[in-house]
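A.B. asks: Before I ask anything, here is the structure I am working with.
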Amino acid sequence: MGRKQYIEDFQFAIEDGSGAPGRLSFITGARGVGKTVMLNALSDVARSLQWNVVNATAEGDFVPEIIKLLQPKQNTHVVSYTLPSVALESPLPGIQTNIGLGGVQIERNQGSTDLRQAIGRVLDAMDESQQGVLITLDEVGEGTPLPQLRSFAMAIQHLIEEKRNIAVIFAGVPHMVDDVVNDSVLTFPRRAERYQLQDVPIEDVREAFETTLSAGGKNASYDVLNALARATHGYPFMIQLVGYWAWRQSVVNGHEDFISMEDCESGIAKRLGKTPQYANVYRDRLIREDYITATDYGKVDFKMPYLREFLQSHAAMYQMSRNIEDSGRTLN
């Protein structure tokens with residue numbers, strides 16, 4: 001929804017062959033904007049073209065995990081075999097019969113501990129003119145161990161230089177991806193194409209709601225669809241949330257085959273004393289995290305839908321909690 005062009009570009013990159021733009025890319029955007037969903041959509045494209053796809057998260061020992069996922073499921077294979085033989089005994093002297101049961105020699109596959117080698121083995125077993133390996137790496141950021149990422153990057157760099165049929169897609173919030181790209185050791189990620197996911201156009205959201213409702217056996221008027229779409233502000237997480245609560249409210253109200261404006265409105269409804277220097281530190285951090293955006297000198301605005309309303313509705317509760325804590329009491 002709203003990202004069709006990028007999906008099509010990726011499919012063209014897969015079909016165009018090794019070295020095509022788009023085979024090495026970063027997907028960035030605010031939390032909840034749909035980066036993981038996009039990775040899944042691109043993975044489906046690769047699988048439809050008979051590619052081997054490995055989806056991993058950039059945390060802990062993710063390189064050994066990728067190697068493990070690349071290993072064949074069967075860990076043994078037949079090396080050689082001998083056919084059984086049978087001979088009948090003869091009553092004549094000097095003639096002897098032999099019976100052979102045959103035999104099979106089985107060898108256990110030795111899993112590779114080297115990422116470059118592991119990917120190479122998978123590619124060697126494929127028709128590389130038509131098939132390849134896609135690796136997606138989600139949640140790239142400050143929790144990603146740099147030694148692991150550098151090891152991963154070096155293996156991929158060698159495979160790219162060898163013109164192997166591979167594609168790699170990273171995903172993370174903007175400033176965290178910047179930290180990775182600017183690492184002094186990692187060089188090839190700087191050549192990756194950057195795609196920053198934005199809010200989904202309201203028209204696309206409205207169309208998606210209509211399609212989803214129809215598939216589920218419900219319908220809604222244009223006004224209801226428009227109200228649902230506008231309530232999301234085009235934010236992917238809110239699209240799921242608004243759709244869920246509107247549907248649930250229609251069930252509560254006994255509307256089996258439609259969603260009314262009442263369902264829509266009810267569903268949507270369910271849902272610091274510091275120095276200027278201190279504030280500036282967090283201002284910069286929130287901008288980098290895509291929660292707020294600078295609108296003018298000394299002014300910012302909320303970028304994430306409903307964050308303003310949430311903070312306003314919880315401000316009194318927060319301040320009351322602080323006051324009670326300061327007095328030495330507890331809030332039950």
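The values are calculated or read from the model by the stated rules, or taken from the named source; none is laboratory data. What you see is a predicted model, and the numbers here were worked out from it, not measured in a lab. A quick note on method: Cβ atoms are made from the backbone with ideal geometry, for glycine too, and the neighbour counts reach across all protein chains shown.
A.B. asks: Which members of segment 1-20 meet the condition of being under 30 Å from residue 229 (Cα atoms) and among the hydroxyl-bearing types (Ser, Thr, Tyr)?
C.D. replies: Of everything in segment 1-20, just one residue is under 30 Å from residue 229 (Cα atoms) and among the hydroxyl-bearing types (Ser, Thr, Tyr), namely 6.
A.B. asks: Would you mind finding the one in 26, 10 that is among the aromatic types (Phe, Trp, Tyr), modelled with pLDDT of 85 or more and not in a helix (DSSP H, G or I)?
C.D. replies: Going through 26, 10 in turn, just one is among the aromatic types (Phe, Trp, Tyr), modelled with pLDDT of 85 or more and not in a helix (DSSP H, G or I): 26.
A.B. asks: Turning to a different aspect of this structure: Among the candidates 186, 101, 197, 146, which residue alone is modelled with pLDDT under 85 and over 22 Å from residue 24 (Cβ atoms)?
C.D. replies: It is 101.
A.B. asks: Return the total of residues in segment 208-227 being of a type outside the set (S, T, N, Q) and either exposed (fewer than 13 other Cβ atoms within 10 Å of the Cβ) or under 24 Å from the mean Cα position of the chain (by Cα) (or both).
C.D. replies: Here the count works out to 7.
A.B. asks: Going by the conditions given, is residue 44 closer than 18 Å to residue 168 by Cβ, among the charged types (D, E, K, R), surrounded by fewer than 16 Cβ atoms within 10 Å (Cβ to Cβ) and modelled with pLDDT of 95 or more?
C.D. replies: yes
A.B. asks: Any idea which residue in segment 51-65 is nearest to residue 5 (Cα to Cα), counting only those that are assigned to a loop (DSSP other than H, G, I, E, B) and modelled with pLDDT under 95?
C.D. replies: 58
A.B. asks: Of the residues 230, 164, only one is among the charged types (D, E, K, R), surrounded by 15 or more Cβ atoms within 10 Å (Cβ to Cβ) and modelled with pLDDT of 80 or more; which?
C.D. replies: None of the others qualify; the one that does is 164.
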